[in-house]
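The values are calculated or read from the model by the stated rules, or taken from the named source; none is laboratory data. On a predicted model such as this, the values are computed, not experimentally measured, just so you know. Here the Cβ positions follow ideal geometry from the backbone for every residue, glycine too, while neighbour counts run over all protein chains shown.
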Amino acid sequence: MKRSLFALFTATALLAGSAHGASVIGGLRGGDLTDPDNNGSVDANLNYDATFRSLNKPYFHSEGAFNVFDNSVGAGDAKWCCDLNGWVEADFGSKRYQLSSFTVTSANDVEGRDSDVWQILGSNDGKNYTPIFSYNNEGTSPWRGARYQTIEYSVGTDFALPAAYSIFRYQTFSTVSADAHQLGELEFFGKEYVAPTAVPEPGSVALLGLGMLAALGLRRKRG
Ligand SMILES: [Ca+2]
Ligand SMILES: [Ca+2]
Ligand SMILES: [Ca+2]
Ligand SMILES: [Ca+2]
């Protein structure tokens, strides 16, 4: 009796933790890299810190792809729907970031419209893309039946520390069952990558010193 109860608890714990270590959080984190001050317009491309692109429907209203960046969760103007497959990306221009975490939030319709095969990719030229995180679970979305649910994936737990990229793309390859794909929101978090500045080598510092002494000597001679 006790043993079967223990087995039940173990099975429940395994089921609860089966989302690849990803964490269900209470809602959008907000202040992500695309809009650190959270003042982006919900229905227009205004006050965002990135350039957005998508395969189709490049706008912030009418189920357009950019609705995944509009800081709002809901139906219609707050979600991206209903391309079959596609991608949407944020381009930070000259700034590069090392992704530390990202969130994905389900939309309003049935789970059949959620993606069950998708990736987060990074790029520095808009041509070559490297997968940072891959979700591949045919027939099951990350949220299962839960609507308007935010799941966070973190570096070290869900994906390895990636290189620094200026472009981050979400790409979907398959839906759970419907011939239309939906996604509510997407948030990217990370640290800006600053290339290490060149420190002069001891040898060149000594040379610089000699050069300054020589210049001083020259000035004295002239004076
Ligand atoms: Ca919108
Ligand atoms: Ca802003
Ligand atoms: Ca946001
Ligand atoms: Ca949204």
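Tell me whether the stretch 86-108 contains one or more residues that are farther than 20 Å from PHE189 by Cα and either modelled with pLDDT under 95 or touching a Ser or Thr at 6+ places or on another chain (Cβ under 8 Å) (or both).
Step one: of the stretch 86-108, the residues farther than 20 Å from PHE189 by Cα are 86, 107-108.
Then drop every residue that is not either modelled with pLDDT under 95 or touching a Ser or Thr at 6+ places or on another chain (Cβ under 8 Å) (or both), which leaves 86.
Checking the stretch 86-108: at least one residue is farther than 20 Å from PHE189 by Cα and either modelled with pLDDT under 95 or touching a Ser or Thr at 6+ places or on another chain (Cβ under 8 Å) (or both).
Of all residues in the stretch 44-80, count the ones that are away from ligand 3 (no atom under 11 Å from the Cβ) and of a type in the set (Ser, Thr, Tyr).
Looking only at that region, the number is 4.
With SER23, SER41 as the choices, which residue is away from ligand 3 (no atom under 11 Å from the Cβ) and touching an Asp or Glu at 6+ places or on another chain (Cβ under 6 Å)?
It is SER23.
Of SER18, SER41, which residue is over 18 Å from ALA107 (Cα atoms), modelled with pLDDT under 95 and of a type in the set (S, T, N, Q)?
SER18
For the stretch 25-57, enumerate the residues that are within 13 Å of ligand 4 (Cβ to nearest atom) and at negative phi.
Within the stretch 25-57, LEU28, ASP32, THR34, ASP35, GLY40, SER41, VAL42, ASP43, TYR48, PHE52 meet the criteria.
Which one of the conditions (1) within 16 Å of ligand 3 (Cβ to nearest atom); (2) at positive phi does ILE120 fail to meet, given that it meets all the rest?
(2)
Show the residue pairs that are 6+ apart or on different chains and have beta-carbon atoms under 8 Å apart, the first residue being within the stretch 35-64 and within 15 Å of VAL88 (Cα to Cα), the second being hydroxyl-bearing (Ser, Thr, Tyr) and more than 13 Å from ligand 4 (Cβ to nearest atom).
Qualifying pairs under 8 Å: GLY64/SER54.
Of (1) closer than 30 Å to ALA75 by Cα; (2) at pLDDT below 95, ASP158 satisfies all except one. Which?
Checking ASP158 against (1) closer than 30 Å to ALA75 by Cα; (2) at pLDDT below 95, the one that fails is (2).
Which members of the stretch 113-134 meet the condition of being in a strand (DSSP E or B) and either free of Cβ contacts under 8 Å to residues at least 24 places away in the same chain or surrounded by fewer than 13 Cβ atoms within 10 Å (Cβ to Cβ) (or both)? Don't jump to the end; show me each part of the working.
Going residue by residue through the stretch 113-134, those that are in a strand (DSSP E or B) are 115-123, 130-134.
Selection gives THR130, PRO131, SER134.
Please determine whether any residue of the stretch 88-108 is buried (at least 17 other Cβ atoms within 10 Å of the Cβ) and over 18 Å from the mean Cα position of the chain (by Cα).
The answer is no; no qualifying residue exists.
All but one of (1) within 26 Å of ASP37 (Cβ to Cβ); (2) over 12 Å from the mean Cα position of the chain (by Cα) hold for GLY145; state the number of the condition that does not hold.
It is condition (1) that GLY145 fails.
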